[in-house]
1. Would you say B:ARG103 is within 30 Å of B:ILE65 (Cα to Cα) and assigned to a helix (DSSP H, G or I)?
2. Specify the residue that is farthest from B:TRP110 (Cα to Cα); the eligible residues are those in region B:122-157 that are hydrophobic (A, V, I, L, M, F, W, C), in contact (Cβ under 8 Å) with a residue 12 or more places away in the chain and not in a loop (DSSP other than H, G, I, E, B).
3. Confirm whether B:PRO278 is within 14 Å of another protein chain (Cβ to nearest Cβ), surrounded by fewer than 21 Cβ atoms within 10 Å (Cβ to Cβ) and of a type outside the set (Lys, Arg).
4. Among the residues of region B:281-297, how many are within 25 Å of B:LEU153 (Cα to Cα) and surrounded by fewer than 23 Cβ atoms within 10 Å (Cβ to Cβ)?
5. Could you count how many residues in region B:271-305 are of a type in the set (Gly, Ala, Ser) and either more than 20 Å from B:MET173 (Cβ to Cβ) or modelled with pLDDT of 95 or more (or both)?
6. For region B:142-180: of the residues being facing chain A (nearest Cβ under 10 Å) and in contact with a helix residue (DSSP H, G or I) (Cβ under 7 Å, 6 or more places away or on another chain), which is farthest from B:PHE69 (Cα to Cα)?
7. Scan region B:42-78 residue by residue and report those that are under 23 Å from the mean Cα position of the chain (by Cα), in a helix (DSSP H, G or I) and β-branched (Val, Ile, Thr).
8. I need a count of the residues in region B:144-180 that are closer than 22 Å to B:ALA122 by Cβ and either touching a strand residue (DSSP E or B) at 6+ places or on another chain (Cβ under 7 Å) or crowded, with 17+ Cβ neighbours inside 10 Å (or both).
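The values are calculated or read from the model by the stated rules, or taken from the named source; none is laboratory data. All figures in this text were calculated on a predicted structure; none of them were measured in a lab. Because the Cβ atoms are built from the backbone with ideal geometry, glycine has one as well, and the counts that use them run over all protein chains shown.
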Amino acid sequence: STVVLIFQAPMTESHEDDDPSGFRFCIKQGDRIRVGQALGRWKE
Amino acid sequence: ASFFAKKLSGSAQARASSDGGAAGSEGSSYLVPGATVATLLMLGALHARRLYDDKKVEEAREKGIEIEFQPDVKATFLRLLPLRSISRFWGFLTNVEVPVWMRPYLCRAWARAFHSNLEEAALPLEEYSSLQEFFVRALKEGSRPIDPDPKCLVSPVDGTILRCGELKAAGAMIEQVKGLSYSVYALLGASSFLPMVAGGKTNEDEVEKESVTEEERKKSWWRVSLASPKIRDPVSACPMKGLFYCVIYLRPGDYHRVHSPANWNVLSRRHFSGRLFPLNERATRTIRNLYVENERVVLEGLWQEGFMALAAIGATNIGSIELYIEPELRTNRPKKKLLQSETPEERFYEPEGVGIMSKKGDEMAVFNMG
């Protein structure tokens, strides 16, 4: 079985890659994840 | 398994007749241990096969080889199989009540074959009366702590990340494997209120020219998407900025309950009664449009940052999806029509525009065997 999650999330204001304001995934392809662990975070 | 069971039953019957028929009922009592041994052998074989496949995939990844789409004869053959009937029969088998003494062996065999953590199970193994009951087991309190950060989105399931990223391209496509993608519209349904902008603007700068602020956009995407769902062309339309996706695969040994990824209001549910192809890695690279062909339940709603949709996709072995927010929903039903309609069955939750509130970490659904 598979779950697909699609969602809107805040975007970075600048075009800098290291800008932490927008949504960033904390996981990458191939990672194992468990219920309740963060998929991604953002800062305002 | 049936051969093994027959052999055992045959020898038991021969023994019974040599005893003058007095122990005729003993014949059937051998069937259960025979079937158990056969099941254990099968699980062992599956485990060995899985280890071999994992090793091959790992070796390929180490070499930097990305899995590509390669249609094969087996995938074509799968389309001819009555997978729904097979799935339902598998569900029936796994629902059969198992004798108490045998339950721990069965659960341990399953756990060993598919890497389940038995220490997390909420109940002693003797209390799971069938494999299905063990499969959908709850976990001990505190086994899955929910990240308390209000500015994070949590995983709804245990599993492996297959894909994640931002939806940018026209038509909002998600890559299944290298060289093969599927449209989010095909996955969620044409009536989805996915926030899109018309006109096929693939360049981010062009989208920025719209001068829509974040706040305005949050308020307006309902209008954009609901105003003209029939006129909108999903292929040429582009997803709004800040639309992300994540595809998570659940192995047979994983915990199979689905939790809420955030505080959100579930506004609608769509049920696509599609096919029930397997969803393993091999199927992913050999069966075209796997995720948009399989039976699935899509929940759509709103969270603090806007749109959210969760699609739970069934497979042959784990074919049915049960929603805690709508217990009467039945999936993996026998097909009545030869040609199944493509139109999904849709329901909007009451009250209109509010739907059902689900808190971060709440249990929402469960995948059942068969």
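1. When the stated conditions are applied, B:ARG103 does not pass them.
2. B:LEU153
3. In short, yes.
4. Residues flagged as within 25 Å of B:LEU153 (Cα to Cα) and surrounded by fewer than 23 Cβ atoms within 10 Å (Cβ to Cβ) within region B:281-297 amount to 2.
5. Number of matching residues: 2.
6. B:SER143
7. Those that are under 23 Å from the mean Cα position of the chain (by Cα), in a helix (DSSP H, G or I) and β-branched (Val, Ile, Thr): B:VAL57, B:THR76.
8. 9
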